[in-house]
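Quick notes on the structure that follows.
What follows is calculated from the coordinates using simple rules that are stated; it is not laboratory data. Everything numeric here is computed off the predicted structure, so don't read it as measured data. As a convention, Cβ positions derive from the backbone with ideal geometry for all residues, glycine included, and neighbour counts pool all protein chains shown.
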Amino acid sequence: MSLTFPNESPAYRQARDALLEAEVALRAQIEQVAEQRRALPPGGVVKEDYEFTELRDEGRIRPVRLSELFGAHDSLFLYSFMYGPDAEQPCPMCSSLLDALNGNAPHILLRTGFAVVARSPIERVAEFATQRGWRNLRIVSSHANSYNSDYFAEDADGDQMPMANVFVRGNDGIHHFWGTELFYADVPGHPRHVDLMWPLWNLFDTTPQGRGEDWFPPLNV
């Protein structure tokens, strides 16, 4: 089937058909990479059942283990939010991504465990989450454990990194499954390691101005 939009020129249709071939090829490659990812063997067993803290609706702080974050599922997606104890404000880029994931969280939780972890004390993170309107995100603090440094969300100087990690649990314990290692790969420009799960950039990529080279979502939106 070949589409023709009103008043388009032959030159436009020729270029658009060529682009469509590239889009079809890209879709196939994305599916191939996803299949390759799903076929990964189990990663390393987590060295401990990390104890995080979370703030409940009644304002009570309680400990919560990594194993509890799975809920009823055997997989867990854990995003590391760049908001360290010494940071003046949270990362605007992380905040933009979490704005989107907050909306999708009810759907995500139908198929996998999902939580957000930050290094700041839970009271500080929860206050920002409330201001931001993140009602659907389960947010925990790694302030008193080594999760961030163990799973490359923090460097030796204490700087926070926007890593996402997936864990699986089975009869032999909890294993690491996958992490956004593209963040650390030798690639030109921004690593774009979580862009495929970030609607903002995918939408901008369909526009003539694109995402821009120096534009980043501001925090005060």
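The loop-placed trypsin sites (Lys or Arg not before Pro) in segment 1-107, going by DSSP, that have at most 13 neighbouring Cβ atoms within 10 Å of their Cβ come out as LYS47, ARG56, ARG60.
Reported to two decimal places, what Rg/Rh ratio describes the chain when computed on Cα atoms with Rh from the Kirkwood expression? Result for the chain is an Rg/Rh of 1.02. Seen against the Cα atoms of the chain and their longest principal axis, helix 10-38 is set at about 30 degrees. Note on the chain: helix-only mean residue ellipticity at 222 nm, from DSSP H runs of 4+ residues weighted -39500 (n - 2.57) and normalised by residue number, equals -9500 deg cm²/dmol.
Using a cutoff of 8 angstrom between alpha carbon atoms and counting only pairs six or more residues apart, the relative contact order for segment 1-84 works out to 13 percent.
Annotation for segment 134-199: trypsin sites (Lys or Arg not before Pro) lying in DSSP loop with at most 14 further Cβ atoms inside 10 Å of their Cβ are ARG135, ARG192. Give the shape of segment 51-181 as rounded, prolate or oblate, defined through the alpha-carbon gyration tensor: a ≥ b ≥ c are the square roots of its eigenvalues, a/c under 1.5 means rounded, and otherwise the shape is prolate if a/b is larger than b/c and oblate if not. The shape class here is rounded. Within segment 35-119, the proportion of Cα pairs with more than 17 Å between them is 62 percent.
Couplings 3J(HN,Hα) of segment 206-221, computed from phi: 8, 9, x, 7, x, 7, x, 8, 10, 8, 9, x, x, 7, 8, 10 Hz, in residue order, whole Hz [Karplus 6.51 cos²θ - 1.76 cosθ + 1.60, θ = phi - 60°; x for Gly and Pro].
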